Amino acid sequence: MDVCLKKIQDGIIDGNAELVKNSTEQALMQGIDADMIIRTALIPTMEKIGKEFKAGDIYIPDVLMSSRAMHASLYVLKPLLIETNQSKKKGIVIIGTVAGDLHDIGKNMVSMILQGDGYDVIDLGIDVPAASYISAILRYKPDILAMSALLTTTIGEFKNVIQAIIDEGLRDRVKIVVGGGPVTQDYADEIGANGYGKDLFEAIEVANKLLGNKEGYFNV
């Protein structure tokens with residue numbers, strides 16, 4: 001394996017964003033294309049991290065650092081991916097944390113890995129009211145709306161957003177995926193969501209299944 005690709009892998013595992021960014025730039029200068037970097041360095045490394053996370057061998061802080069390091073590579077590659085892989089884009093995802101909730105670590109990780117998996121992601125941030133989700137749906141025409149809530153006091157906002165979407169006649173235009181600490185599959189079913197991800201890797205799997213994308217970079 002090329003030295004630069006190995007450095008990218010090591011940097012992601014160690015959560016060293018600067019090393020990953022520099023090594024990605026070096027790989028491109030050496031003539032290694034963006035697709036090769038993703039397929040050879042990013043994919044297998046994130047698959048390994050995903051398996052370790054599911055096995056309980058590593059924890060959220062470790063995954064967050066690795067995700068940020070991976071994102072440093074994607075930041076360098078993004079202009080090239082937009083230019084050369086536009087036809088390969090899987091879909092558009094709007095993501096946000098619901099009104100009243102200021103947590104964003106999980107949302108940010110899902111956003112990063114969705115981008116790495118070939119989706120265009122519009123991140124609305126935290127404390128997002130129903131009206132903002134409606135505006136974003138009308139503007140961006142997403143395939144998926146992903147919402148996060150980390151508090152038992154804010155998960156009820158999912159219902160408000162979904163009802164607002166129904167009231168606007170937009171429900172059949174977008175798939176809705178929910179997640180967060182207090183959320184369960186039963187609750188997702190109760191509020192009429194199309195999917196539920198209990199962790200960031202499952203969220204990617206759900207998105208791929210909903211849109212018929214059987215192969216994903218980070219499906220594990």
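The values are calculated or read from the model by the stated rules, or taken from the named source; none is laboratory data. Quantities reported herein were computed from a predicted structural model and do not represent experimental measurements. For neighbour counting, all protein chains shown are included, and Cβ atoms are generated from backbone atoms with ideal geometry for every residue, glycine included.
Quick notes on this structure:
- Against the list (1) part of a helix (DSSP H, G or I); (2) surrounded by fewer than 20 Cβ atoms within 10 Å (Cβ to Cβ); (3) under 12 Å from the mean Cα position of the chain (by Cα); (4) not aromatic (Phe, Trp, Tyr), the condition Asp120 fails is (1).
- Of the residues making up the range 123-159, those that are buried (at least 16 other Cβ atoms within 10 Å of the Cβ) and in contact with a Pro (Cβ under 6 Å, 6 or more places away or on another chain) number 1.
- Residue in the range 144-154 that is closer than 30 Å to Met29 by Cβ and among the small types (Gly, Ala, Ser) present: no
- Residues satisfying the stated conditions in the range 55-81, i.e. over 17 Å from the mean Cα position of the chain (by Cα) and at pLDDT below 85: Pro79, Leu80
- Comparison of Asp167, Asp117, Asp127 shows that the only residue that is over 30 Å from Gly15 (Cβ atoms) and not aromatic (Phe, Trp, Tyr) is Asp167.
- Filter result for Gly106 (surrounded by 18 or more Cβ atoms within 10 Å (Cβ to Cβ), outside the structural domain of Gly50 (by TED's automatic domain parsing) and within 22 Å of Leu210 (Cα to Cα)): yes
- Ser111 being free of Cβ contacts under 8 Å to residues at least 40 places away in the same chain and hydroxyl-bearing (Ser, Thr, Tyr): yes
- Listing of strands (runs of 3 or more DSSP E) fully contained in the range 132-220 that carry 2 or more residues being touching a helix residue (DSSP H, G or I) at 6+ places or on another chain (Cβ under 9 Å), farther than 22 Å from Val63 by Cα and in contact (Cβ under 8 Å) with a residue 40 or more places away in the chain: 144-148
- Residues of the range 186-202 that turn out to be at pLDDT below 95 and surrounded by fewer than 23 Cβ atoms within 10 Å (Cβ to Cβ), as a count: 3
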